[in-house]
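Here, each number is a calculation from the coordinates, and none is a lab measurement. This one's a predicted model, so the numbers in the text were calculated from it and none came from an experiment. Note that each Cβ is placed from the backbone with ideal geometry, even for glycine, and that neighbours are counted across all protein chains shown.
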Amino acid sequence: MRLLVGGDSEIGAATHRHMREREGLVVATTRCADRVAPDRPFLDLAAPLDDWEPPRGTTAACIFAAVARLAACAADPAGSARINETQTLDLTERLLRRGVHVLFLSTNQVFDGNLPHVPADAPASPVSEYGRQKARTEAALLRHMDEGAPLAILRLAKVVSANMPLIHGWMDALAAGRPIRAFHDMTMAPVATPQVACAIDRILRERARGIFQLTGPRDLTYADVGRFVARRLDAQPELVHETSAIEAGLPPGATPRHTTLDSSLLRARFGIEVPDAPTVLDSVVTSGQPKVEN
């Protein structure tokens, strides 16, 4: 049986659905008391783990739970590090002692974003508090991996879903003839949530070890994405107003020049390859496409 730690997250919930459609032996934890069920055990990483045990029969686990917002980590370094480092490592070690294969979800934020297609073995160079926390956790996990522990790391960048609020908000505005604001100095190399769920599924099924990475093949600015949405809706391109993420006061690390990571290992091992950004974004647009008002 596979365990998903953090089933309330968007990627965790999508992976739970993906696995249930293919195999029923999967449980996803929740920290919401009203969601607890036989396949949704309670677990809150903010609470002590002294008495916690994984469900009987767990053979592999993926850790989704984290404080993932850059601003939240910057505002509370100690509190977020307790979740992202201390508690995550405690949980991982508990699982490893019971022979459970562990997949840790990490981020492109462990790198500074100065170079595209960063290889998996490149030295960490984080510039955000969130990235530093993830890099420190990775370093501890790599020491376990060097000792033969059944561990894997999957680094992700921008994951987009069919109900992505930003794009659907833009669509609503453009359809009504209203302008949108999009950052010209923030980039994404998007990958769709279902493809991330598929990658997690394959890594857990194979009990694969090592560092895997999954991003789109090239970066687009958010302004590029806004213009793509406008074209897709036949809206006036002048409605896309470029603005600056730096001037908007986003935290350090929010504006890397590149977010792409070398994803060749997933392609070679499992045949998983992310299509170019327009194809990924089109799936978001078509999921709730409005008509442009004349």
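Details
- Translational D in µm²/s for segment 29-161 (Stokes-Einstein at 25 °C, 0.890 mPa s, Kirkwood Rh from C-alpha pairs): 155 µm²/s
- Degrees between helix 129-146 axis and first principal axis of the chain (Cα, 0 to 90, nearest 10): 40 degrees
- According to the Cα-based calculation, Rg over Rh for segment 1-77 is 1.00, with Rh computed by the Kirkwood formula.
- Once both labels are positioned 7 Å from their Cα atoms along Cα-to-Cβ, the gap between R22 and T59 label points is 1.5 nm.
- Estimated from helices alone, the mean residue ellipticity of the chain at 222 nm is -10500 deg cm²/dmol (sum of -39500 (n - 2.57) over DSSP H runs with n ≥ 4, per residue).
- Look at [x] 15.5; [y] 17.7; [z] 19.4: the one that is mean projected area of the Cα convex hull in nm² derived from this structure is [x].
- Overall form of segment 190-294 per C-alpha gyration tensor (a/c, 1.5; a/b vs b/c): oblate
- Each part reduced to its alpha carbon centroid, segment 247-291 and segment 187-241 end up 2 Å apart.
- Between the Cα long axis of helix 88-97 and the first principal axis of the chain there is an angle of about 40°, rounded to the nearest 10.
- Value of Rg to Rh for segment 128-221 (Rh from inverse mean 1/r over Cα pairs, i.e. Kirkwood): 1.10
- Here the simple spin-label model places points 7 Å from the Cα toward Cβ, and for A176 and D34 these points are separated by 2.9 nm.
- Lys/Arg +1, Asp/Glu -1 at C-beta; segment 164-294 dipole; positive extreme among G177, L239, T255: T255
- Modelled this way, with points 7 Å down the Cα-to-C-beta line, the labels at D90 and E10 are 2.9 nm from one another.
- The chain: angle of helix 222-232 to the longest principal axis, Cα-based, in degrees nearest 10: 60 degrees
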